[in-house]
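Participant: Mind having a look at this structure? Questions to follow.
The values are calculated or read from the model by the stated rules, or taken from the named source; none is laboratory data. Quick caveat, the model's predicted, so the values are computed rather than measured. Neighbour counts are summed over all protein chains in view; Cβ atoms, including those assigned to glycine, are modelled from backbone coordinates with ideal geometry.
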């Protein structure tokens, strides 16, 4: 063991929560930040991990605190650690993907440090860039590096249709059937 002190990062957990809207398109649940940094901007629900929690427990707790949504299965998406991703300091995030059944969308309500919680429709242009809209409002750039997290979650959803497709559509499907359903559900220009 060395006597040298090493800098220690803060650890956060984020949850990209997909659901189907009334038209059968995939949407994502975002929260509007109530505090700096990025007050007023839309973000993926999440926050700092507590010392006696696993990262997954932190993700579930933050989802409940900021949106009121509980008891969702989650799949780990990846680690986001680009230097400068959070203006408060060295912050590493472990992002997760969750699927909310359409009949539970009404449970989403902003809480804790979130001003609001809202589902945004996902539209992909011909280059795969993501645009998010809700009630005629565009989300604009998301807080922190959440645009990158969301893009990776969408790519994971498309690539893992055999795993996530049945969760979205509630019935067993072949990988090919689920892939077609997901492509239909993702609005493309």
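Participant: I'd like the full set of residues that are assigned to a loop (DSSP other than H, G, I, E, B), touching a residue at least 12 places away in the same chain (Cβ under 8 Å) and over 13 Å from the mean Cα position of the chain (by Cα), limited to the range 38-60.
Facilitator: Let us first name the residues in the range 38-60 that are assigned to a loop (DSSP other than H, G, I, E, B), namely 38-41, 44-45, 49-54.
Narrowing further to those that are touching a residue at least 12 places away in the same chain (Cβ under 8 Å): 38, 40-41, 44-45, 49.
Listed by number, the residues that qualify are 38, 40, 41, 49.
Participant: Within the range 61-69, is even one residue over 15 Å from the mean Cα position of the chain (by Cα) and in contact (Cβ under 8 Å) with a residue 12 or more places away in the chain?
Facilitator: Taking the range 61-69 and keeping what is over 15 Å from the mean Cα position of the chain (by Cα), we get none.
No, the range 61-69 contains no residue that is over 15 Å from the mean Cα position of the chain (by Cα) and in contact (Cβ under 8 Å) with a residue 12 or more places away in the chain.
Participant: Same structure again: Only one of (1) touching a strand residue (DSSP E or B) at 6+ places or on another chain (Cβ under 9 Å); (2) closer than 23 Å to residue 160 by Cα is not met by residue 110, so which one is it?
Facilitator: Only one criterion in (1) touching a strand residue (DSSP E or B) at 6+ places or on another chain (Cβ under 9 Å); (2) closer than 23 Å to residue 160 by Cα is unmet by residue 110, namely (2).
Participant: If you don't mind, another one. Out of the range 1-38, which residues are surrounded by 15 or more Cβ atoms within 10 Å (Cβ to Cβ) and on the phi > 0 side of the Ramachandran plot?
Facilitator: Result: 38, single match.
Participant: If only one of 105, 88, 82, 41 is in contact with a strand residue (DSSP E or B) (Cβ under 8 Å, 6 or more places away or on another chain), under 15 Å from residue 146 (Cα atoms) and surrounded by fewer than 21 Cβ atoms within 10 Å (Cβ to Cβ), which one is it?
Facilitator: Details: 105 fails: under 15 Å from residue 146 (Cα atoms); 88 fails: under 15 Å from residue 146 (Cα atoms); 82 fails: in contact with a strand residue (DSSP E or B) (Cβ under 8 Å, 6 or more places away or on another chain).
Answer to the check: 41.
Participant: Considering each residue of the range 1-24, count those that are part of a loop (DSSP other than H, G, I, E, B) and under 26 Å from residue 80 (Cβ atoms), and give that number. Break it down stepwise before answering.
Facilitator: From the range 1-24, those part of a loop (DSSP other than H, G, I, E, B) are 1-9, 21-24; that's our starting set.
Applying the additional criterion that residues be under 26 Å from residue 80 (Cβ atoms) yields 5-9.
The number of residues fulfilling the criteria is 5.
Participant: Filter the range 91-102 down to the residues that are in a strand (DSSP E or B) and more than 15 Å from the chain's Cα centre (by Cα), then identify the one that is surrounded by the fewest Cβ atoms within 10 Å (Cβ to Cβ). I'd like the intermediate steps shown before the answer.
Facilitator: In the first step, residues of the range 91-102 are kept if they are in a strand (DSSP E or B); the result is 91-99.
Next cut, more than 15 Å from the chain's Cα centre (by Cα) only: 91-92.
Values: 91: 19, 92: 15.
So the residue we want is 92.
Participant: When the residues of the range 126-150 are filtered to those that are assigned to a loop (DSSP other than H, G, I, E, B) and surrounded by fewer than 18 Cβ atoms within 10 Å (Cβ to Cβ), which remaining residue is modelled with the lowest pLDDT?
Facilitator: Of all residues in the range 126-150, those assigned to a loop (DSSP other than H, G, I, E, B) come to 126-129, 135-136, 139-145.
If we keep only those that are surrounded by fewer than 18 Cβ atoms within 10 Å (Cβ to Cβ) as well, we get 126-129, 135-136, 140-141.
Details: 126: 80, 127: 82, 128: 76, 129: 85, 135: 91, 136: 91, 140: 95, 141: 96.
Per the stated criteria, the residue is 128.
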